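Since every read-out is calculated from the coordinates, none of them should be taken as a lab result. None of these values were measured; they are calculated from a predicted model. Cβ placement follows ideal geometry from the backbone for every residue including glycine, while neighbour counts extend to all protein chains displayed.
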Amino acid sequence: MSQPEEIFCKKVAVVVLGYNSLDYLKKFLPTILKTTYEDFTLVYVDNGSADDSVAYVTEHFPEVEIFRIYNNKGFANGYQESLRYIKAEYYVLLNSDVAVTPEWLGILMKEIEKDPQIGACQPKILHEPKPELFDYAGASGGFIDVFCYPFCRGRMFHHWERDEGQYDDVCEIFWASGASMLIRAELYHQVGGLDEMFYAHMEEIDLCWRVKNAGYKILVVPQSVVYHVGGSIISYGSFSKIFHNYRNTLIMMIKNLSRTQVFFLIPMRILLDQVAALRALFMGNFTELRAIIVADFKFVFGLNKWLKARREARKVISSPNLKGWCKKSLIIDVFIKKKSKFSELNYKELE
C-alpha cells in the first residue's frame, strides 16, 4: 500500500477519530461544522470501520477531509498513524461521540494563544445523555493522586456531580481529556504523541504527563462546552476497559515517575490493585477480578518493553511542571473519609 498523502489544514485541524461510528457521525458532525471559529479544517480519521462511515461522510460532507486506516489497532494508534500526515499549527483530538457548541473552539484558541507555555487545553465536558451531569471522561479538568488514580473537577471515581457552575474558572490541570483536547501540533510530535502500546485508556494522561515534564501548562477552559456520550467503543465495566485502565496506569507510572518514585509507588499501586481485586471477589464481580489480575501480570511480564518506553519518555524532561498532581491518596478521601465531590478536597494539595 502506498504512503498516504499529506493533508494540509488551516491553523487548526479538528481530527475526529471514528470506528463504526456512522450514527454518531450523522448526529454530531453537523455540530462541528457550525463552529463559529473559521480557521480550522475538519478531518475525519476512519479507524478501520466496517460500516458505511466513509461513504456517508464523502457523500454528505464533501468539505471534510478523510484519512483512512484499514487495520484498527486502537485509539492511540489511530491518531499516531494519521497525525503524522495531518499538517496544522494546532490539533484538536475529538471523539466521534462528541457534540460541540458553536463557540467551543474559538474560546479554546483565545486561551491557548495567550501564553506559548500553554501546551494543551480542554473544554468543560458534560455527559450527552444527561447534560446536567459532568462527563466521566474529563469533566472540568483532570488531576491524579499520589498513586496515579485519575479524578476530575466534577467526577471522582464513580461519583459524578451536577454542573451548577461550581467549576467554571479557568485553571491549570494535570491532564486534558482525549475526548476533546486542543494541543500544539509541534509539541505533540516533540513529546512523542500518544503511545500506541496503550491501545486505549490512560493514553491521554500519559501524553499530558510528558507535556508537563517538558515544562508546559495544561488548562481547562470551562466557558468552552462540549457533550460526550462515552463508552461507545469499549463499554464501561467490560473486561477490556478494566484491563486497559489498570495495565496502562502502571505503564504510565513506570514511564513518567522519577527512579525513586518508581521503586516506591509502583509496588504500592500493585498492592492497591490487589485490594481492588479482593473487593471485586467479595462483591461477585468476576469480570473485574479477572481483568485486574491479568492486567498486573501483563505489566510484570512486559517489564522490559515498558522500561524501553521509559528511556524514550525521559528524553523530553525539561523543567517539569507537576501542578495538578495531588500528593495525597484519593482512596482515603473517597472510600474512608466518604468525600464524593472535588470541592470537598483541599485544592492547595494540588501542587
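At-a-glance table
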{"quantity": "Candidate aspartates and glutamates for bridging to K87, where Cα separation is under 15 Å - those fewer than 8 sequence places away on the same chain excluded", "calculated": "E5, E6, D39, E65, E186"}
{"quantity": "Top positive-direction residue, dipole computed over the chain with Cβ charges, set G178, P116, W325", "calculated": "W325"}
{"quantity": "Among the listed pairs K305/K327; K212/K327; K26/K73, those beyond 22 Å (Cα-Cα)", "calculated": "K305/K327; K26/K73"}
{"quantity": "Exposure proxy order (Cβ contacts within 10 Å, fewest to most) of Y37, Y44", "calculated": "Y37, Y44"}
{"quantity": "Debye, to nearest 20: dipole size of the chain, +1 on Lys, Arg Cβ, -1 on Asp, Glu Cβ", "calculated": "1600 debye"}
{"quantity": "Gaussian network model of the chain, springs between alpha carbon atoms under 10 Å - residue of L307, L25, L94 with greatest fluctuation", "calculated": "L307"}
{"quantity": "Sum of -39500 (n - 2.57) over DSSP H runs of 4+, divided by residues of the chain (222 nm, nearest 500)", "calculated": "-11000 deg cm²/dmol"}
{"quantity": "Cα radius of gyration and Dmax for segment 175-219 (Å)", "calculated": "9.7, 26"}
{"quantity": "Candidates R314, R259, R290, ranked by Gaussian network fluctuation over the chain, Cα under 10 Å, top entry", "calculated": "R259"}
{"quantity": "Part-to-part distance (alpha-carbon centres) for segment 257-314 and segment 187-222, which is given in Å", "calculated": "20 Å"}
{"quantity": "Percentage relative contact order, segment 239-318, counting C-alpha pairs under 8 Å, at least six apart", "calculated": "46 percent"}
{"quantity": "Cα Rg over Rh - segment 208-326, Kirkwood", "calculated": "1.02"}
{"quantity": "Length released on extending from I332 to K73, taking residue separation times 0.36 nm less the Cα-Cα span", "calculated": "89.6 nm"}
{"quantity": "Segment 9-228, relative contact order [Cα under 8 Å, separation at least 6], %", "calculated": "25 percent"}
{"quantity": "Percent RCO, i.e. relative contact order, over segment 124-230, from Cα pairs under 8 Å lying at least 6 residues apart", "calculated": "36 percent"}
{"quantity": "For segment 146-165 and segment 83-103, distance of Cα centres in Å", "calculated": "24 Å"}
{"quantity": "Of F198, F286, F143, the one that fluctuates the most in a GNM where the chain has Cα springs shorter than 10 Å", "calculated": "F286"}
